[in-house]
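Participant: Quick one: this structure, given as structure tokens, is what I'll be asking you about.
The values are calculated or read from the model by the stated rules, or taken from the named source; none is laboratory data. Keep in mind the model is a prediction, meaning the values are calculated, not measured. A quick note on method: Cβ atoms are made from the backbone with ideal geometry, for glycine too, and the neighbour counts reach across all protein chains shown. Each accessible area value is taken on the protein alone, full model and side chains, heavy atoms only, with ligands, DNA and RNA left out. Shrake-Rupley method; radii C 1.70, N 1.55, O 1.52, S 1.80 Å.
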Amino acid sequence: MNVAQWLLTLASLGLVLLGLVLVAAFMIYGERRILALLQDRLGPNRAGPFGLLQPVADILKLISKENFVPPFADRMVYTIAPVIVPLTVLLSFAVVPVSEDWWLADLNIALLYVLALSSLRVYGLILGGWSSNSKYPLLGGLRSAAQMISYELPMGLALVGVVMLSGSFSLKEIVAAQTLPFIVLQPLGFIIFLVCGIAETNRLPFDLPEAENELAAGYNTEYGGIQFAFFYLGEYLGILLIAALVTLLFLGGWHGPWLPGVVWFALKTLALIFLFFWLRTSLPRLRYDQLMDFGWKVMLPAALLNLLMTAGLGLFWMEN
Amino acid sequence: MIPLSHSLIIAALLFVLGLAVVLLRRELLFILIGLEVMLNGVALTAIAAGQYWGNADGQVLVIMLLTVTAAEVVVALILVWLAFDHYKAVRVETLTHLRDDTDRSTS
Amino acid sequence: MSQWLWLIPGTPLLGSLIILFLGSLLRRKHLAMVACCASAAAFLVVVLAWLTEATSQPLQQTLYTWVAVGEWRPMFGFTLDRLALVMVSIVSSVGLLVHLYSVPFMAEEADQRRYYFFLNLFLAGMLLLVLADNLLLLYLGWELVGLCSYALIGFWYRDPPCSNAGRKAFIVTRIGDTALALGIFLLFSQFHELSLSALLTNATTQWEKGSTLATLATLLILGGAVGKSAQLPLQVWLPDAMLGPSPVSALIHAATMVTAGVYLIARTHPLFELAPHTQWLVAAIGALTIVYGASAAVAQSDFKKVLAYSTISQIGYMFLALGCGAYAIALFHLTTHAFFKALLFLSAGAVIRASGDEHDINSLGKIGNHPSIARWTFLIGAASLAGVPFITAGFYSKDAILVTAWSAPTGPLLWIFAAFGALLTAIYIFRVYFLVFHGSGPRTSTISLPYFMSLPLLILALLSIVSGFIELPEGWPGPHLWSLWLADELAVATFPPLTITYTLQFITALLPLAGFSLALWLIQREQAYQSLPLANFLRSGWGFDAFYYAMLVRPYLALARILQAGESKEGITYIVVRPYRALARGVSDAVETLLIEGALTRITRGFLAFATFCRKGVEYKMLEAGITSLVAALRFSYTILSTTQNGFLSRYALVISTGAVFFLGYWLW
Amino acid sequence: MYEFIFYLSSAIAVVAAGAILVVRHPVHAALYLIVSLLALALLFFLLGAPLLAALQVMLYAGAIMVLFLFMMMVMNLRTERNLPLLLPGNWGGISLLALLLWLVLLLLLSRSSLDEAGSITVIEPKEVGSALFGPYLVVVEAAAILLLAALVAALYLSRKGKR
């Protein structure tokens, strides 16, 4: 590789990063508008036309705030923790192909890579909660640890069905294998993955780690300014990632008639993001024990059942 | 490319450092963490050797190592927690309850 | 057929697994139904085996390689030859009947799930034991039945005697099991093979007759058989095992598990033929046990214990036959005994249950309110056990054993033992019958048994009579189906010349009648002779329990106590000082009494002074110093050694790592 | 480039492992262990074991270490008194470690056959899978039993009050 190629790669990486951050920022705006719409009110509409400059205003506000570290906090860990969340998610996007031609890296273990990074994301919440050295953040961190472990397992198991059908860990090949979207062949796997994905991103009805009315703001109670922005950014990037993954794994990715692949991909992802927002307005929060019970006693057996059925049917199909 | 001996030296360093933690630190949690470091050294050895011979045996060994570690960590952590709950301490000096007390029987 | 062999132990196992895992979903009734269906399925498969080619040639099925260790690959395989077919038929048929009987018998119990689980598991284990084609698998079944026996003896484990009885059975049979395990190890170390057929062929070709290894191996196997079959000297567990439910006693402790030892010896009989000394020992143990069990049974007052001692004694007959090389006849007696002893136990269970769990035969007679079917079936069983001539199965099998014992080495002696046992057998069983069923109680025959209880009794009663007719005594016209059929696999027994045979048969036929009349004579004087010291001795099972307690348990406890006293001075006092003091006192007392009346008063006084010096001086000065230094030495070594046990985790880790590093260094050099 | 990343990540792994020896707080030790694990995962990837690299992150860092942190948070430990490592009681351990390291290095450096640098063959997840469920099937079963046993043990031990 010569210098020009290096520069090109770096530039495209920078572009993608910037694009992702912008998408996340506008997701926040979109969520606020959609929530308002569903609740029959207006939402942010002052900054710019239709309030479109609201995200810019938000970012400026958060950057300009003081970056305060509480004296009782574990300084090093407290500073590192918020970075972990967006970092792991952004790294995951490296292997997410947007269309047949648009991708950054085609790793042959892409799915494992994504799972591995998503299991690292929890450290941001745990360490943020712990290092604040205060009551509610600690509880939030504990909850997120327990929740992550409980929902990661069925999530991974639900993916095994997809891997079995496509015979590859590479996201590109998985999409290529979907002449028929896997949601048809793996309805149970789809549901499990979606539910666990919502739980992984700590969205309602699974947002126990930051449950406002029990734990103040959960793990990020003590955080403010740019560090808080990082947590926020991580959360919305996480939604984006899960939506993109569901699209790729179950909804046939960029496959679709007439329109170019990128558009299909974007449409499907946006629809899923809308689903996330919709759920937030519609569902109440689970109780903590219900959450754990649901994870271990419903999702895990269902995922195992899905695995067993897929393997059995696959074997049957292969032999005949 | 990397000679096998370099991987093995790194593994040996990890193992010895882990053993150092086990032998020199006095907190149960540190000892557990030291054990993990030792296991990592072993895992690196297995992987390096497996790749050297070009077969999957080394990786299989490491997968088993992961399983054993998971089982060990779960049980060990609960035991540490119970010890902490009972003695309010996790330092090994205080956890010598099973020692036969020399002074008791000489009276 | 051979690909369905696994179903025979498989169906009860499946039943037990269903009960274990799905039992909480089932009702009580359905638990019993599952268990019965499982055993009925096993029985059906056995019947199918009879109907197909199993009778003509051995069937073989290998399921899979159990474990693979280098060259050695023991298979999970079954063999169904004629010997196994006989055993399998007995086990599955009696098992099925006992399952049916259990349905009403256990209906009121709380813990039926556990009961049926273990009962089905037992059946699976026993069938596995019988069908196993290698010793490893056989040992698996062997241990499985031991476990189930333990669990079922202690079924009412909240009652301390019951759980203790279970524990005792487990520990005592463990002694035998250990011997058997050692025997298996020995055979494996010699032949690197555990498959029964290969093992026996190898042994017969490589070992010469009477070689030390053969004797040792057979002795170890005999040890296992003696433990499982409750023969002398490991018989102590069986009488206590009667605290379990009666169906369990009938199935496990009369018909099947206790005969596993007989089966084992019959299965490995080529080995025993290589070791004549062991074979003689088998016969001797059998003969002694016959008399032991029968004599102890005469004095028992517990209904079921009479039957337990009777089982011990009857298995003695089988051992006697095995020892005389008459394997087929041993198996014949095993079969008839399985039927009539199961019948006796089940009838006894019905009587005991009807009288409100009363075990004492005297009280049972006074209550006198017994189901009439149980009475008649008990009588049939008793007649068969006593060997009432011509009409009962017990007569034919026992007669054959008695006759064939005569022609063995030291045969007449063995015969005397066996004949005496036969006489005692008739005495004790008719004594029980008269005491229980013709006691002084008011007699109303209103109690009727449930269908499920009476049907097994009737079937077993029928079998107790007709199963003898397939093998008429030697020298009689009529069928000899049994020994001819088994002749291929088990050697044919040798019989004495015909004249002697007829004489012996005549005597054998007379013995039960004599016993019957003696029993009638005895029960008139029940009170008087039950208070004799001899009766007490017999009632305690010849004092074996007390003997073992004194010889094994108490020294063990004393040792534990001494060790508990530990390194302290008191402990040393306990071990050294007290015996010394007793000795010194004894010596000085003896000196005193010897010399005080003599004329040599002065010398006496001198001796006395010396004796006092011995007592006082040595004891309190020298001994004190000796003990103190001993204690000091012990304490010193203790202090040194106890630093290795300081409970300090890091230190332990250090020691372990030091060892590892040492070995690494050693290996590098 | 390849060698640079390899030696860099191995240096990180070793330094992080060394840091565990001296840090005061258990949570920091666990964090250093996680760093070491991640560096090691990279080493695995570079050595041609992508599956193990992913599993190392997913299982070790993502599950086992989360458990560690979870328990530490439940116990809510205070910072321990930091004892100096060069105590008289530790000399035995230190000399033993030195001896061990010396022996191992002696062993490794004396075998010249280990110094050959072969090319890296990437072993795909598929091959590992067929090895696991082929010749090593019994080991998989044993591991399953072990996990079951650990599960039962954990359930039993964590039943507070009922014991």
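Participant: Got a number for the accessible area of D:K126? Probe 1.4 Å, square angstrom, nearest 10.
Facilitator: 150
Participant: Please give, to one decimal in nm, the separation of the simple spin-label points placed at A:S134 and A:L10, each 7 Å out from Cα toward the Cβ.
Facilitator: 4.0
Participant: As a check on your grasp of the helix formula, calculate [θ] at 222 nm for the protein assembly as shown: sum -39500 (n - 2.57) over DSSP H runs of n ≥ 4, divide by the residue count, round to the nearest 500.
Facilitator: The helix-only estimate for the protein assembly as shown comes to -23500 deg cm²/dmol at 222 nm.
Participant: For the stretch C:170-181, what does the Karplus curve 6.51 cos²θ - 1.76 cosθ + 1.60, with θ = phi - 60°, yield as ³J(HN,Hα) per residue in whole Hz, taken in order and with x for Gly and Pro?
Facilitator: With coefficients 6.51, -1.76 and 1.60, one gets 5, 5, 5, 5, 4, 4, x, 4, 4, 4, 4, 4 Hz.
Participant: Still on this structure: Using a Förster distance of 22 Å, how high is the FRET efficiency between B:A89 and D:L67, based on the Cβ-Cβ distance and rounded to 0.05?
Facilitator: With a Förster radius of 22 Å, E is 0.55.
Participant: Give me D for the stretch A:100-211 in µm² s⁻¹, whole number, from Stokes-Einstein with Rh from the Kirkwood sum over alpha-carbon pairs, 20 °C and 1.002 mPa s. Don't skip to the answer; put the middle values down first.
Facilitator: On the way: Rh = 15.4 Å.
Result for D is 139 µm²/s.
Participant: Using a probe of 1.4 angstrom, how much of the accessible area of the protein assembly as shown is carbon and sulfur, in percent? Mind dumping the intermediate values first?
Facilitator: Working: 39670 of 55870 Å².
With neighbouring chains kept in place, the figure for the protein assembly as shown is 71 percent.
Participant: Related question: Cross-link partners among lysines for C:K621, C-alpha distance below 30 Å, same-chain residues fewer than 8 apart left out?
Facilitator: C:K569
Participant: Along the charge dipole of chain C, which of C:A32, C:G316, C:L654 sits closest to the positive end, that is, farthest toward it, with unit charges on the beta carbon of Lys, Arg, Asp and Glu (+1, +1, -1, -1)?
Facilitator: C:L654
Participant: Right, something else. Modelling each spin label as a point 7 Å along the Cα-to-Cβ direction, I'd like the C:S629/A:V184 distance in nm, to one decimal.
Facilitator: 9.9
Participant: Gain in length, C:W66 to C:E526, computed as 0.36 nm per residue apart minus the alpha-carbon separation, to one decimal in nm?
Facilitator: Full-extension gain reported as 159.8 nm.
Participant: Is the C-alpha gyration tensor of the stretch B:4-91 telling us rounded, prolate or oblate? Criteria: a/c under 1.5 is rounded; beyond that, a/b larger than b/c is prolate, otherwise oblate. Please report the intermediate quantities before stating the final value.
Facilitator: Working: a/c = 7.48, a/b = 1.91, b/c = 3.92.
Oblate.
Participant: Using modelled backbone amide H atoms (1.01 Å from N, in-plane), which distant-in-sequence or interchain residues come within less than 5 Å of C:M75's amide H?
Facilitator: For C:M75, whose amide H was placed from the backbone, the distant partners under 5 Å are C:W66.
Participant: For the protein assembly as shown, place one equal point scatterer on every Cα, skip the solvent, and apply the Debye formula. What is log10 of I(q)/I(0) at q = 0.04 Å⁻¹?
Facilitator: Debye intensities relative to I(0), on a log10 scale: -0.37.
Participant: While we're here: Given a Förster distance of 41 Å, report the FRET efficiency between C:F420 and C:A582 from their Cβ-Cβ distance, rounded to the nearest 0.05.
Facilitator: Calculated value: 0.35.
Participant: Could you point to the residue in B:T45, B:I10, B:N55 farthest towards the positive end of chain B's charge dipole, with +1 and -1 charges on the Cβ of Lys/Arg and Asp/Glu respectively?
Facilitator: Highest projection toward the positive end goes to B:I10.
Participant: Next up: Within a 10 angstrom radius of each residue's Cβ in A:134-146, how many Cβ atoms of other chains show up on average? Whole number is fine.
Facilitator: Across A:134-146, the average partner-chain Cβ count within 10 Å equals 2.
Participant: Here is a further query. Only four residue types carry charge here, +1 at the Cβ of Lys and Arg and -1 at the Cβ of Asp and Glu. Report the dipole size of the protein assembly as shown about the Cα centre in Debye, rounded to the nearest 20.
Facilitator: Working: 70 positive and 68 negative charges, 688 e Å.
It comes to approximately 3300 debye.
Participant: Let me ask you something else. Counting only heavy atoms of protein chains, what accessible area per residue, in Å², does the stretch A:71-319 have with a probe of 1.4 Å?
Facilitator: 40
Participant: Strictly over 22 Å apart at the Cα level, which of C:K228/C:K304; C:K29/C:K228; C:K168/C:K305; A:K61/A:K135 would you flag in this model?
Facilitator: Flagged as over cut-off: C:K29/C:K228; A:K61/A:K135.
Participant: Sticking with this structure for a sec: Between C:A491 and C:L413, take the C-beta separation as r, use R0 = 25 Å, and let me know the FRET efficiency to the nearest 0.05.
Facilitator: Efficiency at R0 = 25 Å is approximately 0.65.
Participant: What angle do you read, to the nearest 10 degrees and between 0 and 90, between the alpha-carbon axis of helix A:3-38 and the longest principal axis of chain A?
Facilitator: 80
Participant: With a 10 Å cut-off between alpha carbons and a GNM built on chain A, which of A:L37, A:L204, A:L22 moves the most?
Facilitator: With Cα springs under 10 Å in chain A, the top fluctuation among A:L37, A:L204, A:L22 is at A:L37.
Participant: How far apart, in nanometres, would the label points at A:W278 and C:H30 be if each is projected 7 angstrom from Cα along the Cα-to-Cβ direction?
Facilitator: Going by the 7 Å Cα→Cβ label model, 4.3 nm.
Participant: Chain pair B, C: how much accessible area is buried, both chains summed, with a 1.4 Å probe, in Å² to 100?
Facilitator: Approximately 1200 Å², summed over both chains.
Participant: Taking the dipole about the Cα centre of chain C, with the C-beta of Lys and Arg at +1 and of Asp and Glu at -1, give me whichever of C:L522, C:Y580, C:L7 is farthest to the positive side.
Facilitator: The residue sitting most towards the positive pole is C:Y580.
Participant: For a label point 7 angstrom out from the Cα of C:L17 toward its Cβ, which stretches of the stretch C:105-126 have the backbone nitrogen within less than 17 Å?
Facilitator: C:117-126, by backbone N distance to the label point.
Participant: Now for a separate question. Could you list the trypsin sites (Lys or Arg not before Pro) in the stretch A:143-205 that lie in coil according to DSSP, counting only those with at most 16 other Cβ atoms within 10 Å of their Cβ? Please list the in-between numbers first.
Facilitator: Values: sites: A:R143, A:K172, A:R203; in loops: A:R203.
Here no loop site has a sparse enough neighbourhood.
Participant: Would you mind giving the mean number of other chain beta-carbons within 10 Å of the Cβ of each residue in D:37-46, as a whole number?
Facilitator: Going residue by residue through D:37-46 and averaging, the value is 4.
Participant: Where nothing but the Cβ of Lys and Arg (+1) and of Asp and Glu (-1) is charged, how large is the charge dipole of chain C around its Cα centre, in debye to the nearest 20?
Facilitator: The dipole of chain C has a size of about 1860 debye.
Participant: Let me make sure I get this right: for chain C, a, b and c are the square roots of the gyration tensor eigenvalues over alpha carbons, sorted descending. Under 1.5 in a/c it's rounded, otherwise prolate if a/b > b/c, else oblate. Which is it?
Facilitator: prolate
Participant: Under the rule a/c < 1.5 gives rounded, and otherwise a/b versus b/c splits prolate from oblate, where does the stretch D:123-163 land using the Cα gyration tensor? Please list the in-between numbers first.
Facilitator: On the way: a/c = 8.46, a/b = 3.39, b/c = 2.50.
Since a/c reaches 1.5 and a/b is larger than b/c, the shape of the stretch D:123-163 is classed as prolate.
Participant: Then there's this: Hey, how many Å between the Cα centroid of the stretch D:1-74 and the Cα centroid of the stretch C:9-85?
Facilitator: Measuring centre to centre over Cα atoms gives 52 Å.
Participant: Kirkwood Rh over Cα pairs of the stretch C:402-505 into Stokes-Einstein at 20 °C, 1.002 mPa s: D in µm²/s?
Facilitator: Taking Rh from Cα pairs, D becomes 122 µm²/s.
Participant: Could I ask something else about it? Out of the stretch C:24-83, which trypsin sites (Lys or Arg not before Pro) are coil in DSSP terms and have no more than 12 other C-beta atoms within 10 Å?
Facilitator: Answer in residue order: C:R27.
Participant: Compute the acute angle (0 to 90°) between the alpha-carbon long axis of helix C:196-206 and the principal axis of greatest extent of the alpha-carbon atoms of chain C; round to the nearest 10°.
Facilitator: Taking the Cα atoms of chain C, the angle to C:196-206 is about 70 degrees.
Participant: By per-residue mean of other Cβ atoms within 10 Å, what is the highest-first order of C:35-45, B:67-77? Show your work: numbers first, answer last.
Facilitator: Numbers: C:35-45: 22.3, B:67-77: 19.2.
Highest to lowest by the protection proxy: C:35-45, B:67-77.
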